[in-house]
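Worksheet: the structure to be examined is printed underneath.
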Ligand SMILES: Cc1ncc(C[n+]2csc(CCOP(=O)(O)OP(=O)(O)O)c2C)c(N)n1
């Protein structure tokens, strides 16, 4: 019989316990596929913080360590500097990277640290119950902005643009996982980002627009539709920086 679907070997044989419609599962599968494609499982170390990101350690069959909230870039810096032979990536949510860990990621990116960043932007603090994040959209109702986020709460932060403005990073892109064609582009972007690190080109950064239906108070289908309708117009997709001009998606 022809095999049409299989589990990546970097993924454990486990049933995921993410909420219905959560994008973390899709993204983690993409990460596992990228690791398999590049055949780097035996030398890969992932650093994940708190937030729903951290459950990665239940599903990916790779070495992992947990960092305090927002601090994966510091931990990844230490691991990669001590063991440059390893392949190191962080897997971080938007509350983690754009709020409590903002100084960490900007400093590490500005130093051009040689690890990769998989940044999952679902516009909300998911794990703790849907509080406002710096990436939440204006007007977005969250548990801490029940009447909608206002400009005085801060405009939604475009992390990829900020990271791309620095000299250190080699590859910065924004993708989405709202439909199959974009899932394929996301896989391509993650492979490209990981390849950059393997070629010793400095930090590579992939922002992924994702759905957290429970956190934004929508059904799984509506939460995916919101990505195209509301998020992409504000957070445009595409490569923002590529030092070798490759990696167009
Ligand atoms: C120092 C610290 N502050 C706050 C928390 C509480 N906390 C745990 S997860 C989380 C939100 C994470 O949101 P995000 O990074 O967007 O990831 P998501 O769960 O949406 O994937 C917070 C605030 C914590 N664990 N440690």
Looking only at 15, 26, 124, which one moves most when the chain is put into a Gaussian network model with springs between Cα atoms under 10 Å?
-> 15
Inter-part distance where segment 41-89 and segment 198-249 are each reduced to a Cα centre, Å | 21
Determine the percent antiparallel among the DSSP beta bridges restricted to segment 24-242, to the nearest 5.
-> 15
What residue among 70, 93, 129 has the largest mean-square fluctuation in a Gaussian network model of the chain, using Cα springs under 10 Å?
-> 129
Have a look at 84, 68, 180 and tell me which one the Gaussian network model of the chain (Cα, springs below 10 Å) gives the largest fluctuation.
-> 180
Work out how much length residue 42 to residue 65 would gain on full extension: take 0.36 nm times their residue separation and subtract the Cα-Cα distance, in nm to one decimal.
-> 6.8 nm
Could you give the nm distance between label points at residue 82 and residue 198, where each point is 7 Å from its Cα heading toward the beta carbon?
-> 2.5
What is the Cα convex hull volume of segment 24-242 when expressed per residue in Å³?
-> 105
Placing each pseudo-label 7 Å from Cα in the direction of the beta carbon, residue 12 and residue 244 end up separated by a distance in nanometres of 3.4
Put in order of increasing Cβ neighbours within 10 Å, starting from the fewest, 203, 64 give 64, 203
In Å, the Kirkwood hydrodynamic radius of segment 81-144 over pairs of distinct alpha carbons?
-> 13.1
Can you put 69, 17 in order of Cβ neighbours within 10 angstrom, beginning with the fewest?
-> 17, 69
Whole-percent pair-distance distribution, where bins are 10 Å wide, for the alpha carbons of segment 5-88 = 17, 48, 30, 4
Please work out the FRET efficiency for the pair residue 128 and residue 219, using the Cβ-Cβ distance as r and a Förster radius of 35 Å; give the result to the nearest 0.05.
-> 0.95
Work out how much length residue 3 to residue 179 would gain on full extension: take 0.36 nm times their residue separation and subtract the Cα-Cα distance, in nm to one decimal.
-> 61.0 nm
Relative exposure of 235, 155, 91, judged by other C-beta atoms within 10 Å (fewest first) = 155, 235, 91
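Bear in mind these aren't lab numbers, they're just calculated from the coordinates by the rules spelled out. Every value quoted in this text rests on a predicted model; they were computed, and no experiment measured them. No Cβ is skipped: glycine too gets one built from the backbone with ideal geometry, and neighbour counts run over all protein chains shown.
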